[in-house]
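Reading through the structure tokens given below for one structure.
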Amino acid sequence: MVASGVMTLAQLTVEAKDGIVFLGSGNPCFPLQGQWRCSPVMIFGIVNNVGFWSVPIQAMFRYIIIVKKRQISPWFPLIVYATVGLFISSVTFPAAFLATTNSPTLPKLQSMEFWKTEDIHELCTIDILSWPVFTYLAGMVILEGTGIVLLLWFTNRLNKTLYNAQMHFSSKTKQAHKEMTRKLYAQAAIPSVMSVFLVAICACLFFMPNYYGGLFVLLLLPYPWIVVLNPLVTLCCIKQYRSVAIATLQGRCMEIKSNMSINPDSKAITTVMNSRRSVVSATFTK
């Protein structure tokens, strides 16, 4: 929800005309001064990628606990988030702080129908073929691509462990992890498909002789809603969570408890999930 609030507050505005990218904040209640007027493009990159990496981190957790049979330090997710944040900050910083403020090319934007009556004086400009733009796009692609590759790799290793005959997982445990995997794939697919769709349409705009304007703004609008969709995806993919939600909405009480114990001496893990309706238990050894 913090990510959604930040993106809504910054309200990144982007447009392109004659090889120039116009960027800034479209929120009049978010006044920025000087070069900070160009910072929303950096804020968007950081918040969007840090939020996306919650999906690979969940895959890492399952891999470390189930496959490697190790406990995870509370600092682990913070370290991963900090690493992602530092990387994306370094590749988005040039696009924000090397952009031009009060550019004489701003009137070009008002030649587009959508922008004729809009106040554009707070926007910044940057050449679309400049190295800061290339660095920005390359960094976004590399970071998101790395997250997807790690998600697939960790999930593949987990599935090999789950379906190893020596591990003796119950069918209910396998089903629970299958639902979790489906949820992670869906949560990774939503921003990925949106990004591919955004890039494809933006590329097509450069070949359109008469472009009305405003499509970039429209394509960016759904991004703050990703964090709203993620809980809904969880409810759709995971049966037990969905049952609890339905029971709550119907005014019935359902309690779920989950416990995982690791025995270093026997190298065994026992996972127990129980509710008032069912109990799922699994124990496996190395």
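The values are calculated or read from the model by the stated rules, or taken from the named source; none is laboratory data. Just so it is clear, the model here is predicted, and its values are computed rather than measured. For neighbour counting, all protein chains shown are included, and Cβ atoms are generated from backbone atoms with ideal geometry for every residue, glycine included.
Here are the numbers for this structure:
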| read-out | value |
| --- | --- |
| Of all residues making up region 101-122, the number that are polar (S, T, N, Q), surrounded by fewer than 16 Cβ atoms within 10 Å (Cβ to Cβ) and more than 15 Å from E15 (Cβ to Cβ) | 1 |
| Top-ranked residue of region 56-91 - restricted to ones that are of a type in the set (V, I, T) and at pLDDT 90 or above, ranked as nearest to L162 (Cα to Cα) | I64 |
| The lone exception for Q35 - which of (1) touching a residue at least 24 places away in the same chain (Cβ under 8 Å); (2) part of a helix (DSSP H, G or I); (3) under 30 Å from H177 (Cβ atoms) it fails | (3) |
| Candidate set from region 97-118 (those that are free of Cβ contacts under 8 Å to residues at least 24 places away in the same chain and charged (D, E, K, R)); member that is nearest to G45 (Cα to Cα) | E118 |
| Test: residue in region 50-65 that is surrounded by 16 or more Cβ atoms within 10 Å (Cβ to Cβ) and farther than 30 Å from F169 by Cβ | yes |
| Residue, nearest to the chain's Cα centre (by Cα), within region 141-150, restricted to residues that are of a type in the set (A, V, I, L, M) and within 15 Å of Y81 (Cα to Cα) | L143 |
| Region 68-96: number of residues that are of a type in the set (A, V, I, L, M, F, W, C), surrounded by fewer than 16 Cβ atoms within 10 Å (Cβ to Cβ) and either farther than 26 Å from A10 by Cα or in contact (Cβ under 8 Å) with a residue 40 or more places away in the chain (or both) | 3 |
| Which numbered condition N48 misses (of (1) closer than 28 Å to V233 by Cα; (2) outside any helix (DSSP H, G or I)) | (2) |
